[in-house]
Amino acid sequence: MSPSPEPGSDDTVAAPGIERAVALGLTRDEYALVCDELGGREPNEVELAMFSLLWSEHCAYKHSKKLLRTLPTEGPAVVMGPGENAGAVDVGGGWAVAFKVESHNHPSAVEPFQGAATGVGGILRDIFALGARPIAVLDSLRFGEPTSERSRYLLDRAVAGIGHYGNSIGVPTVGGEVVFEAPYETNCLVNAMALGLARTEDMIRSAAAGVGNVLVLFGASTGRDGIGGASVLASAELDAADESKRPSVQVGDPFEESKLLECSLELLSAGLLVALQDLGAAGLTSAASEMASKGDVGLDLDVGLVPLREADMEPFEIMVSESQERMLCVCEPDKVDAVLALCEKWEVNGTAIGEVTATGRFRVLRDGEVVGDMPVSGLVDDAPLYDLAPERPVAGGGSLYPAPVALPGLPDDVHGVLVALLSSPNLASRRPLFEQYDSIVQSRTVRRPEEADAAVLWLREMGDGAPAIATSIDGNGRRVAADPYWGTVGNVLECAANLACVGARPLGTTNNLNFANPEKPHVAWQLTEAVRGLGDACRALDAPIVGGNVSLYNEGAAGPIYPTPVVGMVGVLADPERAGRLGFARDGDAVAFVGW
Amino acid sequence: MKLGVVTFPGTCDDADARIAAGMVAEAVPLWHRDADLRGVDGIIVPGGFSYGDYLRAGAIARFSPVMESVVAFARDGGPVLGICNGFQILCEAGLLPGALLPNTGLRFVCRQVDLVVQTTATPFTSTCTVGQVLSIPAKHTTGRYFGEVAPEQVVLRYAHGHNFNGSQDDIAGVVNAAGNVMGLMPHPEHAVETLTGGSADGLALFEGMTRVAVA
Amino acid sequence: MRARVLIRPKAGILDPQGVAVERALPALGFAGAGNVHVGRMVELDVADASQLEEMCRRLLANPLIEDYEIEMISDAPAAA
Amino acid sequence: MRARVLIRPKAGILDPQGVAVERALPALGFAGAGNVHVGRMVELDVADASQLEEMCRRLLANPLIEDYEIEMISDAPAAA
Ligand SMILES: Nc1ncnc2c1ncn2[C@@H]1O[C@H](COP(=O)(O)OP(=O)(O)O)[C@@H](O)[C@H]1O
């Protein structure tokens, strides 16, 4: 094992260097900027790993941040807007509903069961990191045509994974959508949305504060999950045997998460925490530096204190590990014992691993020795932002996508056409899928899948006269491909119409922008237009965007996916007894057609 | 009248069971590490995924301190109702005959099913009639009943066409020989109010439970 | 000492996992496979091998529906 | 020929089942057990043992997260 370098000193082990930085996804210009952040020296292993993650598209939103700033994020109902772990809207009586959608497209393409399962686990942690109890999950899935064996396999395993996680943790999965279209054949989309309920005054933010306060890591131990990309750092010793030790697949453990959830909520209700944050993509690196950045403080974090699943992990591996089911909190020093006692009660590991400092620097130590030292602001705020170079594809330039599959040989009688439509993959009943989800746990589901256009959830915790919320998730890649602006507007309107059908007024919107490579001018144009449509539609509906996620570079061997914004909405209805439903209820009722 | 509802790590239908119990009695939470039954008159072992259902559903939970007390309580004739994971735990603990195996379809299924009452000679079904059909949701991956059980111990069967898990002789719920311990795979606590339940048919089992508990 | 416990569904009890594998194999082009059964395997270090039998009966297997078989893999504790 | 395939979580991959069993054993009075891992076992008759390797890769195991090991149990087909 190599000795830990003293950052900046002359006897450091050679810095990994620019070629490794490029292999990790930084550009040469970005590498120069990283050196500037470090006062002119090159980053060591730990620092390079951390910068390359935090300056990645995924964490820094380098190509989308400027666009996202144009979205409407304010309104009377907004309790928490974008920037926190999830957004939240006021549902009256001092209560708020937190919600967010997130993608797990790539992990699901690699290992659909675990990829989809950990996608659900991740979005649930975002919700309870705010102090909200998760009350529902929805999923939005896209695969290639079901004639492909691979698409059927991905569908089958992704649905099983979502069910496994949601069912085991006791959060109902109440709605979603599944679409089969060729552009998703080699790049499936697995987006999951979660909702949670909290008393507004009990919600907590993620900003670390209070010099001398203690950083406690709790939940699962840290292993080599998800280190895949960063493993080029260790390539000096990397032979085939080591490679197999660095599985890139993260395995979810919903049982651990259910304990983590109860433990987190009890820590908050006991008033023991200053801040709370989940560990998601980029693990400790992103959780800790974002907490520090939001609180405008520094952190000292000792990786030697982190409980490990494998003893011989390098500091950089500990910092970038994406092991699931972990949370990071900040508490006052005299509360540490009480925090650890609650962890013990819920049978989760809890360990003090660092403290808040006034230095504004993120110092990584191992057993007291400094192995990385970076400015927090540089890590979190200084990643370069790029302007898109949008260009509308020229008319007549040929289709960017394979022609959609036509329904073969439609019969010419109405009955036959109806049967053909109902048995086509994109219209057929989803019952075999949603029956794999527990849609009723928590005793609040007023409208289950198939009973209405939106799921309806009764907020029974709110006591007498408790209202219900309605929620729906929708996307329509093909229409957005045909016209990114109007396609996205239609997408938002569909979601709102689903809420209207059960009698709910929209309060807020979340979204996941699944697009191809934004460095391509036509994709940049699709993205720009879609975001413009999203903003306009949400403004028109008074349903501001309170959170969301961006997933770019969705291109497979078969080309780019359709531009696929996925929109999730939450609305409120005062009287759950009056929630609308699908289906003609009684003989003799009149049938009316409304709309245009 | 107090009905205790047990919570293990990983239990997830405990809050629902407390809501149901609260409609007929005072619901008292019982914690798995705590052998004290807090003076309850009846016990519900609810559904969910105790200990993640790792190894075998119910296998680990049955060794908790609270289960030692539950076993003693049951042997003394106290009414105990195991729902879904709770049924699996009671079988593993030897309080009920048989075992639950993976559904023949190997998948988790969440579905409203019809159950036919086979006997009213148990407290749990004492308010029902023989042949009565109860509409109650079921949701599980491991619910295929298998075991040697006397016909009079079969309390509920799936109605024709509703046995999705492959249970032997359509068995959905059984009692012990003494008649005071019942287990069933479907979830009566998710059928106690029409707003969220689709039906309120499940309430009968909880009401029945309180009748003996008084005695 | 490291031990391995093999746990199988008892003969005569439907093993839907085994059936599913048996059905899937020909579809993948593997002919001639049959009598497929899927069970569990638990591997563990133990200080006292004489406890294994009881561990199996009480926790690792459910004797009503499963058979088990204990194999010793090594006398020295295995590495993590 | 009858074969047995042992399938375990790859080293370094989280094995929540193993962890759960390891935590449960001391509570049952079994001290000194450790390094517990839970895997699967598939037993089957095959006509052509050379196919086993590919069967494992394509169906029986998930090579991304699982290792497998093939053992021949007997050369004659086993009884049901
Ligand atoms: N992936 C999914 N997860 C959960 N529920 C789903 C999923 N796909 C579809 N559903 C549910 O199935 C029902 C019918 O779905 P769909 O055919 O897409 O109808 P709609 O046009 O109303 O969206 C809805 O209740 C929907 O929420």
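Please work out the FRET efficiency for the pair A:A592 and B:T104, using the Cβ-Cβ distance as r and a Förster radius of 51 Å; give the result to the nearest 0.05. Present the calculation step by step, with values, prior to reporting the outcome.
Working: r = 45 Å, r/R0 = 0.89.
With a Förster radius of 51 Å, E is 0.65.
Could you give the size of the charge dipole of the stretch C:2-73 about its Cα centre, using +1 on the Cβ of each K and R and -1 on the Cβ of each D and E, expressed in debye and rounded to the nearest 20? Intermediate results must be reported in sequence, preceding the final value.
Numbers: 8 positive and 11 negative charges, 51 e Å.
For this selection, approximately 240 debye.
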Legend entry - Inter-part distance where the stretch A:139-199 and the stretch B:151-215 are each reduced to a Cα centre, Å: 33 Å
Inset, instruction - Enumerate the lysines that B:K2 could reach by cross-link, defined here as Cα to Cα under 30 Å, with residues fewer than 8 away along the same chain left out. - result: A:K259, A:K345, B:K139
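Would you calculate a helix-derived [θ] at 222 nm for the protein assembly as shown, using -39,500 (n - 2.57) for each DSSP H run of n ≥ 4 and dividing by the full residue count, to the nearest 500?
Numbers: 28 runs with 270 residues, N = 971.
About -8000 deg cm²/dmol.
For A:S377 and A:H106, what does the FRET efficiency come to when R0 = 25 Å and r is the distance between their Cβ atoms, rounded to the nearest 0.05?
0.30
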Inset, instruction - For an R0 of 51 angstrom, estimate the FRET efficiency from the Cβ-Cβ distance between A:D202 and C:E53 and round to the nearest 0.05. - result: 0.50
Legend entry - Solvent-accessible area per residue, Å², over chain A with all protein chains present [probe radius 1.4 Å]: 38 Å²
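Highest mean first, what order results for A:96-104, D:19-27 on Cβ atoms within 10 Å?
Working: A:96-104: 28.1, D:19-27: 18.7.
Going by the mean number of other Cβ atoms within 10 Å, highest first, we get A:96-104, D:19-27.
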Inset, instruction - Whenever you get a sec, compute what percent of the accessible area on chain B sits on carbon and sulfur atoms (1.4 Å probe). - result: 49 percent
Inset, instruction - Pick out which of B:F63, B:F87, B:F49 has the largest mean-square fluctuation in a Gaussian network model of chain B, springs linking Cα atoms closer than 10 Å. - result: B:F63
Inset, instruction - Please work out the average accessible area per residue across the stretch D:2-73, using the 1.4 Å probe convention, and give it in Å². - result: 39 Å²
Inset, instruction - Grab the other residues whose beta carbon is less than 11 angstrom from that of A:T70, score K and R as +1, D and E as -1, and report the net. - result: +4
Inset, instruction - Give a residue-ordered list of calculated ³J(HN,Hα) values for the stretch D:63-74 (Karplus: 6.51 cos²θ - 1.76 cosθ + 1.60, θ = phi - 60°; whole Hz; x for Gly, Pro). - result: x, 5, 10, 10, 9, 9, 9, 10, 10, 8, 8, 7
Legend entry - Contour excess over end-to-end distance, with Cα ends at A:R581 and A:T359 and 0.36 nm allotted per residue: 74.2 nm
Legend entry - Given charges at Cβ of Lys, Arg, Asp, Glu: the stretch D:2-73 dipole, positive-most of D:C56, D:L28, D:I70: D:L28
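In whole percent, what relative contact order does chain B give with Cα contacts below 8 Å and a gap of six or more residues? Please report the intermediate quantities before stating the final value.
Working: 536 pairs, mean separation 44.4, N = 215.
Over chain B, the number comes to 21 percent.
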Inset, instruction - On a C-alpha basis, how far is the centre of the stretch A:403-424 from the centre of the stretch A:536-557 in Å? Whole number, if you could? - result: 33 Å
Inset, instruction - Starting from the Cα of A:R150, step 7 Å along the direction of its Cβ; do the same at A:E344; then give the gap between the two resulting points in nm. - result: 5.2 nm
Inset, instruction - Mind listing the long-range amide H neighbours of B:D201? Cut-off is under 5 Å, sequence gap 5 or more, other chains count too, H placed in the peptide plane at 1.01 Å from N. - result: B:S135
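Over both sides of the B-A contact, add up the buried accessible area with a 1.4 Å probe and give it to the nearest 100 Å². Mind dumping the intermediate values first?
Values: alone 8850 and 24290 Å², together 30660 Å².
Buried: approximately 2500 Å² between A and B.
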Legend entry - Shielding of B:100-113 by partner chains, average beta-carbon count, 10 Å: 5
Legend entry - Net charge of Cβ neighbours under 12 Å - reference A:L541; Lys, Arg +1; Asp, Glu -1: -1
Legend entry - Under Karplus coefficients 6.51, -1.76 and 1.60, residue-wise ³J(HN,Hα) of the stretch A:84-93 in Hz, glycine/proline x: 8, 4, 7, x, 8, 10, 7, 10, x, x
Legend entry - Approximate spin-label separation C:D67-A:A428, in nm, with each point projected 7 Å along Cα-to-Cβ: 4.0 nm
Inset, instruction - With a point put 7 Å past each Cα toward its Cβ, work out how far C:V19 is from B:R33 in nm, to one decimal. - result: 4.3 nm
Legend entry - For the stretch A:475-485, 3J(HN,Hα) per residue [Karplus equation, 6.51 cos²θ - 1.76 cosθ + 1.60, θ = phi - 60°, Hz, x = Gly/Pro]: x, 7, x, 5, 5, 5, 5, 6, 7, x, 5
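Accessible area lost on pairing C with D, both sides, 1.4 Å probe, Å² to nearest 100?
Working: alone 5720 and 5720 Å², together 8370 Å².
Using a 1.4 Å probe on protein heavy atoms, the buried area is about 3100 Å².
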Legend entry - Hydrodynamic radius (Kirkwood) for the stretch B:2-211, which is based on Cα pairs only, to one decimal in Å: 16.3 Å
Legend entry - Equivalent ellipsoid, the stretch C:2-73 (semi-axes from 5 times Cα gyration tensor eigenvalues, Å): 29, 14, 8
Legend entry - Sequence-separation-based contact order of chain A, relative, with Cα cut under 8 Å and 6+ spacing, percent: 19 percent
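Hey, what's the stretch B:2-211 come to in accessible area per residue, 1.4 Å probe, Å²?
Numbers: 6370 Å² over 210 residues.
That works out to 30 Å² for each residue.
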Legend entry - Near-label residues of the stretch A:535-575 by backbone N, under 17 Å of a point 7 Å along Cα→Cβ of A:N517: A:551-563
Legend entry - Of all accessible heavy-atom area on the stretch A:96-157, the percent that carbon and sulfur account for (1.4 Å): 51 percent
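Inside 10 Å of the C-beta atoms of C:41-52, what's the mean count of C-beta atoms belonging to other chains? Mind dumping the intermediate values first?
Numbers: counts 11, 9, 8, 11, 6, 8, 5, 4, 0, 0, 7, 2.
Mean shielding count: 6.
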Legend entry - chain C: angle of helix C:16-27 to the longest principal axis, Cα-based, in degrees nearest 10: 50 degrees
Legend entry - Residue among B:L37, B:A61, B:T210 farthest towards the positive dipole end of the stretch B:2-211, charges placed on Cβ: B:A61
Legend entry - Given charges at Cβ of Lys, Arg, Asp, Glu: the stretch A:478-566 dipole, positive-most of A:P565, A:A516, A:A540: A:A540
Legend entry - Chain-alone versus full-assembly comparison, the stretch A:323-357, residues with accessible loss of at least 10 Å² (1.4 Å probe): A:E344, A:K345, A:W346, A:E347, A:N349
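Summing +1 for each Lys or Arg and -1 for each Asp or Glu, what net charge is found among the other residues whose Cβ lies under 14 Å from the Cβ of B:Q118? Working shown, then result.
Values: positive: B:R157; negative: B:D114, B:E152, B:D169, B:D170.
For residues surrounding B:Q118, the net value is -3.
If you take all C-alpha pairs in the protein assembly as shown, what percent of them are over 38 Å apart?
Working: 222020 of 470935 pairs.
When every Cα pair of the protein assembly as shown is considered, 47 percent fall beyond 38 Å.
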Inset, instruction - Can you grab the distance from the C-alpha centre of the stretch C:45-59 to the C-alpha centre of the stretch A:78-130, Å, no decimals? - result: 43 Å
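The values are calculated or read from the model by the stated rules, or taken from the named source; none is laboratory data. Worth saying up front: this structure is predicted, and the values here are computed from it rather than measured. For neighbour counting, all protein chains shown are included, and Cβ atoms are generated from backbone atoms with ideal geometry for every residue, glycine included. Heads up: the accessible areas ignore ligands, DNA and RNA and are worked out on the full protein's heavy atoms, side chains in. Shrake-Rupley method; radii C 1.70, N 1.55, O 1.52, S 1.80 Å.
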